[in-house]
Structure formats: C-alpha cells, structure tokens
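Note sheet for the following structure.
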Amino acid sequence: MTAHSKTKTSFYRRIYVAWLIAQGVNTVPKIIGATGMPRRTAQDTLAAIHELAIDLENSNGSYRLVAWGAVNQNWVAENVLQLKQVLEYP
C-alpha cells in the first residue's frame, strides 16, 4: 500500500467525518464505530474541521453539518470509497 502524507490523510479524515455527519453518523461514538479511529482522533478531527471552513453545530454531543465551506460536497460524495481506502477505514 502507498504511504500517504499526513497532510493528505488529515484533509481526507476531516472531509470524511463531515460526510459521515451529513449522513447521520453524528456523534463521537458513532464516528468511532464507523471508522475505528481512536476517540481522541475523532475529537481532534471534529475540533479541526472548521479550518476547512466547514461549519458544524454541536448540540449536546450531536453534530449537524451546516455548510461545506471550502469543500465541494459533490466531490466528497463521489470519492467516499477513495477516502476510506486512503484512511484504511472499513
């Protein structure tokens, strides 16, 4: 398998988590369940998503995607399998 840069995997992780939230996988436990990532990684990813101008709302631990910001949501939807493959998620 090809090694990917930390920049690429960080970007992919953030947009994949945003996509998951848009699909209703919108709590830390659900994100962990869908990806297998450690809790701290899930929390750090959620805290950093705003750096891509993705706007999330958090209501008692349940996230809602408000706006995709600088990310093309159609590209994300069309490339979900690639994102999962690079991130080695199930």
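Miscellaneous remarks
- If you go through segment 37-55 and pick out every residue that is assigned to a helix (DSSP H, G or I) and surrounded by fewer than 12 Cβ atoms within 10 Å (Cβ to Cβ), you end up with 3.
- Scope segment 7-36; condition part of a loop (DSSP other than H, G, I, E, B), touching a Phe, Trp or Tyr at 6+ places or on another chain (Cβ under 8 Å) and closer than 19 Å to Q82 by Cβ; matching residues: G36
- Close pairs (8 angstrom Cβ cut-off, 6 or more residues apart or separate chains): more than 23 Å from Y63 (Cβ to Cβ) in segment 1-25, of a type outside the set (F, W, Y) and assigned to a helix (DSSP H, G or I) anywhere: H4/V86; K8/V86
- Answer residue from segment 16-53, given it is touching a strand residue (DSSP E or B) at 6+ places or on another chain (Cβ under 7 Å) and β-branched (V, I, T) and is farthest from A70 (Cα to Cα) among those: T27
- Scope segment 60-70; condition over 14 Å from V25 (Cα atoms), at pLDDT 95 or above and either touching a helix residue (DSSP H, G or I) at 6+ places or on another chain (Cβ under 6 Å) or surrounded by fewer than 16 Cβ atoms within 10 Å (Cβ to Cβ) (or both); matching residues: N60, V66, A67
The values are calculated or read from the model by the stated rules, or taken from the named source; none is laboratory data. Source: prediction; values computed, not measured. All Cβ positions, even for glycine, are placed from backbone atoms using ideal geometry, and neighbour counts span all protein chains on display.
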